[in-house]
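Taking it in order: structure first as structure tokens, then the write-up.
Laboratory data are not the source of any read-out in this text; all were calculated from the coordinates shown. Small disclaimer: the values here were computed from a predicted structure and weren't measured. Note that we place each Cβ from the backbone using ideal geometry, even for glycine, and neighbour counts take in every protein chain shown.
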């Protein structure tokens, strides 16, 4: 091959850590699938260990390339303990309730990602400012240019954490009622799938809005009733252009 | 006091584990608040440790008294590792996106609970059958009486995990746009709160429904457009009568 460009891997290596042991047909290791699940979410749950005790903290996050970022108070025990430590960052979307004719086959449809890496505090000032702007713009495209920039005190009080995804896996269930063959006729239990959607409501404006302020153009996709995962994916593409 | 009844504690003890260090005004240790957040949720995230590495797994769960329950495949590494181990079970509800005139004051409204305890597999057959019925009924009131009961093989293949909550804490943010005083007039950035609601969609019936089957009475609250947290809280009360 004459093209010397080394392409980025399109999938995560499968290892003892991220390999799905059960329901392996639901497993996804390709980055396109993993990224799509991550970029449609605002909140993740991060597992970490303090003195041998597991903690699971919900927090807002976003992705840039193979890096995941989140933030917290510099005074937070969780944030201080995470710096340099291995964490597991998990995202899940609940998509449906799935009934069945046996308890065993009741289920939910979902999309989830588990990602592991060593967390580190971003200490370079310019990098930190750039990332904090991206954190705002990732939800509200273009907003970082409209708001007051961080003060020195705010920057000091905020720890921005990042991690390179060392490994990750996605998991998707997206199927209808699925019963044992003999139960369809034998069990007279009405069964259905109920979709679940997280939706945006009507904006409640700040009571101290300056008079005459228009809704910024970057909020164009914030239409009441829009599924949050679709909205976040759109904001993401507007901000990062992919 | 002549009344010798020992009342159950109405709050979790506050310790180094569950005490909120930051934003302590958002902390709630009373059981009524913690239970209400738990009982309005179907999915939790469980943190546990395997060979020193944290894992964070999303799974369906429910509460009975001070016990939390979930289940998994008996062949699952996660489930086998959790038995006897300390876990952190976390529930979060995302209630709103909160804009601000500075990056620092952007936030989200939420309700969350972190609960710790030692997980254990429920091995008593009768207890396990009773709990698995409750797991179904907790979402779909009365449904356990309509479906086929578990086979010996299904019971063996399913591990039901429980934990007594040894400690827990709730955290709630439920406020509007909140900026530094000087920013309201100085920063012309349109700001608002957008409510976020997880809602139930229209039932998609199983294509192999037996003819003439009516929707069970227990599904009366499954009205499209109902917020999932309200629906789950209603199902919970119908099933457990409190």
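Tabulated data for the structure shown
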item	result
Sequence ranges B:220-226, A:228-234, ranked by mean other-Cβ count within 10 angstrom, highest first	A:228-234, B:220-226
Label spacing, shortest first and in nm, from residue A:224 to its equivalents in the remaining copies (7 angstrom along Cα→Cβ)	1.9
Spacing of the two label points (7 Å from each Cα toward its C-beta) at residue A:51 and residue A:32, in nm	4.8
Average beta-carbon neighbours from other chains, 10 Å sphere, peptide A:120-127	0
Percent of Cα pairs exceeding the 21 Å cut-off, where the set is region A:123-229	65
Degrees separating the helix B:125-139 axis from the principal Cα axis of chain B, which is the longest one	50
Mean separation of Cα contacts under 8 Å, 6 or more apart, over the residue count of region B:24-197: relative contact order %	30
Label point 7 Å beyond Cα along the C-beta direction, distances from residue A:14 to other copies (nm, shortest first)	4.9
Choice from A:189, A:115, A:207 with maximal GNM fluctuation in chain A (Cα, 10 Å cutoff)	A:207
Most fluctuating residue given options A:184, A:29, A:194, as computed from a GNM of chain A linking Cα atoms under 10 Å	A:184
Label point 7 Å beyond Cα along the C-beta direction, distances from residue B:240 to other copies (nm, shortest first)	3.9
Principal-axis tilt of helix B:228-240 within chain B, Cα atoms, nearest 10 degrees	40
Length-normalised contact order of region A:17-58 in % [C-alpha pairs under 8 Å, at least 6 apart]	22
Spatial separation of Cα centroids for region B:19-86 and region B:88-141, in angstrom	7
Region A:23-86 - percent relative contact order, Cα under 8 Å, separation 6 or more	22
Rough spin-label spacing in nm, given labels placed 7 Å along Cα→Cβ, for residue A:202 and residue A:77	4.3
Fluctuation leader among A:132, A:114, A:99 - chain A, Gaussian network, Cα springs under 10 angstrom	A:99
B:68, B:160 arranged by Cβ crowding within 10 Å, fewest neighbours leading	B:160, B:68
Binned Cα-Cα distance frequencies in region B:24-197 - 10 Å width, integer %	9, 30, 28, 18, 10, 4, 1
Per-pair calculated FRET efficiency, R0 = 22 Å: residue B:209 and residue B:126 via Cβ, rounded to 0.05	0.10
